[in-house]
1. Could you tell me how far the Cα centroid of the range 171-201 sits from the Cα centroid of the range 65-83, in Å?
2. Between beta-carbons, use under 15 Å as the cut-off and find the net charge around LEU224, counting Lys and Arg +1, Asp and Glu -1.
3. In terms of the ratio Rg/(2.2 N^0.38 Å) built on C-alpha atoms, what value belongs to the range 51-199?
4. Tell me the relative contact order for the chain as a rounded percent, counting alpha carbon contacts under 8 Å between residues six or more apart.
5. Let me have the 222 nm mean residue ellipticity of the chain computed from DSSP H runs of 4+ only, each contributing -39500 (n - 2.57), with the sum over all residues rounded to the nearest 500.
6. For the chain, give the share of DSSP beta bridges that are antiparallel, in percent and rounded to the nearest 5; count only bridges with both residues there.
7. Can you list the lysines whose alpha carbon is less than 19 Å from that of LYS120, not counting same-chain residues fewer than 8 positions off?
8. Arranged from highest to lowest average of other beta-carbon atoms within 10 Å per residue, in what order do the peptides 71-82, 149-160, 176-187 appear?
Amino acid sequence: MIQLSDIRITFGKENNRIDALKNVSLEVRQGEFLAVMGKSGCGKSTLLNVIGGVLKPTKGSYLFEGNDVSAFSGKQMAEFRNRNIGFIVQNFALVNEMTVRENVMLPLAYAKIKRSEAMKRAEEAMERLGIIQYEYKFPSKLSGGERQRVAIARSIAADTSVILADEPTGSLDEATGRSVIDIFKELNGSGKTIIMVTHDRELAEQGTRMLTMKDGEITGAQAL
C-alpha cells in the first residue's frame, strides 16, 4: 500500500543543513497497525508527515497504491490527503470556534461531500466514539480525552483508508490513553491502516509491527 524508497528530508543549507531523514526505505501493508518508536528529534514525526503528504522528500520516491506521491502537484497533494489520510495529533488540532459536530464535519466540507451525507457520517462517528451528547459543545468545554475522541471521530467521518497518529496519547492520562489505543485497535480490526508515532514502548507494542528510529534512520523492526 505504502512504499518509501531512499527517502531523505533535508532542512537548511551547507553548514546549517540538517538531515531529518536519511535514506529511509519502508513498506506498509494495507490493514497494518504500525507503531514507530524513538526519542524526540529522531525523525519519526517527519516520517509521518512524508507519508501524510505534508512534506515532499528532498530525495527518494513515495508510492501510495502504485501512485508516485512525490511527483504530485500542490493541488494533487491536497486531494490525496483529503481522500486517503486522516491525521490525529497530540494537541487534537480542533477549531475552538466550532462545535464538536462542526469539527467532525470539517474535512467532509473540504472533500465537497453533500451536507446531508456529511451530517449522517458525523453523527455515526460521534455515536461510535460515545460523544454524540457533546455535539453542540465547543472543544474548550471538553476534557482532553473527549477532545481526542472528537479528533478520532473526525477521521472516522472522513473515512480515509489510512490514519496517522502523532503521539495521540501524549496529552492524556494513562487510563484515557489506553482507551484511545483500544479505539485504534478496533479501527484497525475493521480494516483501517494505522501508523502511530510514540515514545512509549508499552503503547507501541499494541500494534501489529513496531519500528524504532534514531537520528533520522530506521534502526529496527519487529513483528508483534
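1. 26
2. Once positives and negatives cancel, what remains is 0.
3. Against the compact-globule rule of thumb, the ratio is 1.05.
4. 30
5. -11000 deg cm²/dmol
6. Counting only bridges with both partners in the chain, antiparallel ones make up about 50 percent.
7. Within the straight-line limit of under 19 Å, LYS120 reaches these lysines: LYS112, LYS137.
8. Listed from highest to lowest mean packing, they are 149-160, 176-187, 71-82.
All of the numbers you see were taken from the coordinates with simple rules; none came from a lab. What you are looking at is a predicted structure, and each value in this text was computed from that prediction instead of being measured. Cβ coordinates were reconstructed from backbone atoms using ideal geometry, including for glycine residues, and neighbour counts include every protein chain displayed.
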